[in-house]
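Enquirer: Would you mind keeping the following structure in view while I ask a few things?
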Amino acid sequence: MKVRFAAVFALAMLAASEVAASHINPLVAQTAPWATHIRLMDEALAEKNVTAAERAWHDAYLAAVGSRLWLGMVEVGDASLRIGAAAGFRKTAEATARRAYLAALFRARELASLDGVLRTAVAFAALGDREVTLHCLRIAESLAREAQSDKARNRVNAFRARLATMKGEGR
């Protein structure tokens, strides 16, 4: 479990550094319509108030759906996992997160966002869903080809290499 966590964490850091290095506005997460609700959810979880956390999560979800951005759906998926861990209903939270991540993947693909597709791949890898992670990678490869960008292809290749390393670390 520790090896898997370390591998997923490393992959998440790679994806985060890629997003940070990209053209995405770094203020999006701070000013996003769902951000305040997620902060409130985390505060409620810190106070062990699961009911308030779930209400805040629902508000974040509605804001993310309304935004039409992939990032919101990823963040509410991640938030769902935090609620599940705190409240002891991990399986239900994983199913909810999976639906949010799928919505994020569809949005990212529609927007031709390599960042979004790679970030959702990280999310699915963290869930242990190898099949969907590989599907995300195929979409990322397609986007990189369409962009005709060496930088995009290199990012996808680096992601693929890190993913292969994770599989070799006891997954």
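Enquirer: With a cap of 14 neighbouring Cβ atoms within 10 Å, and only residues DSSP puts in a loop, list the GluC sites (Glu not before Pro) found in region 86-169. Please report the intermediate quantities before stating the final value.
Expert: On the way: sites: 94, 110, 131, 141, 146, 169; in loops: 169.
Those that pass, being in a loop and sparsely packed, are 169.
Enquirer: Shifting gears a bit: Restricting the calculation to Cα positions, tell me the Rg (one decimal) and the Dmax (whole number) of region 38-103 in Å.
Expert: Final numbers for Rg and Dmax: 10.8, 31 Å.
Enquirer: Still on this structure: Using a 7 Å offset from the Cα along the Cα-to-Cβ direction at both residue 158 and residue 58, what is the distance between the two label points in nm, to one decimal?
Expert: In this crude label model, residue 158 to residue 58 measures out at 4.2 nm.
Enquirer: I would also like to ask the following. Tell me the carbon and sulfur percent of the accessible area for region 30-158, rounded to whole percent, probe radius 1.4 Å. It would help to have the intermediate numbers written out before the result.
Expert: Working: 3390 of 6480 Å².
That share works out to 52 percent.
Enquirer: Output the peptides 120-127, 49-56, 75-82 sorted from most to least packed, where packing is the average of other Cβ atoms within 10 Å over each peptide's residues. Intermediate results must be reported in sequence, preceding the final value.
Expert: Values: 120-127: 25.5, 49-56: 16.9, 75-82: 22.9.
With the highest mean Cβ count within 10 Å placed first, the list reads 120-127, 75-82, 49-56.
Enquirer: Suppose all protein chains stay in the model; what accessible area per residue would a 1.4 Å probe give for region 32-106, in Å²?
Expert: Computed with neighbouring chains in place, this is 50 Å² per residue.
Enquirer: Right, next: Kindly state, to the nearest 0.05, the FRET efficiency for residue 68 paired with residue 47, given R0 = 41 Å and r defined as their beta-carbon distance.
Expert: Efficiency, from the Cβ-Cβ distance: 0.80.
Enquirer: If I model a spin label at residue 95 and residue 111 as a point 7 Å from the Cα along the Cα→Cβ vector, what separation in nanometres do I get?
Expert: Output for this residue pair reads 2.8 nm.
The values are calculated or read from the model by the stated rules, or taken from the named source; none is laboratory data. Since this is a predicted model, take the numbers as computed values, not measurements. Cβ atoms come from the backbone with ideal geometry, glycine included; neighbour counts cover every protein chain shown. Only protein heavy atoms, including side chains, enter the accessible area calculation; ligands, DNA and RNA are left aside. Shrake-Rupley method; radii C 1.70, N 1.55, O 1.52, S 1.80 Å.
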